[in-house]
1. Name the pairs whose Cβ atoms lie under 7 Å apart, with the first residue in the range 49-78 and among the aromatic types (Phe, Trp, Tyr), the second in a loop (DSSP other than H, G, I, E, B), and 6 or more positions between them or separate chains?
2. Are any residues in the range 69-115 assigned to a helix (DSSP H, G or I), among the aliphatic types (A, V, I, L, M) and under 23 Å from residue 50 (Cβ atoms), and if so, which ones?
3. Taking the range 18-46, which residues are surrounded by fewer than 17 Cβ atoms within 10 Å (Cβ to Cβ) and either outside any loop (DSSP other than H, G, I, E, B) or at positive phi (or both)?
4. Would you point out which residue out of 139, 131, 155 is more than 17 Å from the chain's Cα centre (by Cα) and at pLDDT 65 or above?
Amino acid sequence: MASGTHQRDVTCPRCGYDLSGTTDTWRELCPVEGMCSECGLQFAWCEVLDPLRDVPAWLFEYARDVPHMSRAFVSNAVRTLLPLKLWRDVKMAIPVRPRRLAAFMLIGVLLWWAWGVMLGLGLVIPEWYRAGVPRPAIASRTLLEVLFAEIPQLARWPAGDVWMDISDPLAKYLVVVAAVPPAVFILLGETLRRTRVLGAHVLRAGACIAVS
């Protein structure tokens, strides 16, 4: 039994502590459950020794190809709305794939951004028409101008306060919300050290929060 356990690193799913000292004591049989002596996590040895045995088919991190990725993204994104079920299915022992998580988060953020831009334009363009802005003038404004230059100025051009001014309480709230995550991550290192949680788990949770 001990020789088989050396085929791969045996570590705690939560803190990454090396559990090979425990597995080296096995002779013929291994226990069903174990506990990490570093962080106190109780786990099933089958999940630690074979972490890919229970990977959900819908998990974007492990999608096989591009067509499967598109289906997995939708399924994974929908499940982020049910966090209790999500984390019951995605075991802590399943290895994190940072590049896939980054792609998952980027796609989700871009989709939310596109939805927000379309919603904003849907609210503002009718106001432009009612303000008498000629249609050729509206049509001549390129998409890039709208996305990167005009959205912050929608309250100023051309129909007055038709969207949101940065001085509005809601705008200030959104600015604060956007500034909080970087500040939290600055303090995250010490928190992770004290709680003995791998940063990869925070990355996975953060990606799911961003998409949801």
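The values are calculated or read from the model by the stated rules, or taken from the named source; none is laboratory data. Small disclaimer: the values here were computed from a predicted structure and weren't measured. Virtual Cβ from ideal backbone geometry, glycine too; neighbours counted across all protein chains shown.
1. Note: pairs meeting the criteria are 62/55.
2. Result: 72, 86, 101.
3. Those that are surrounded by fewer than 17 Cβ atoms within 10 Å (Cβ to Cβ) and either outside any loop (DSSP other than H, G, I, E, B) or at positive phi (or both): 18, 20, 21, 33, 35, 40, 42, 44, 46.
4. After applying the criteria, what remains is 131.
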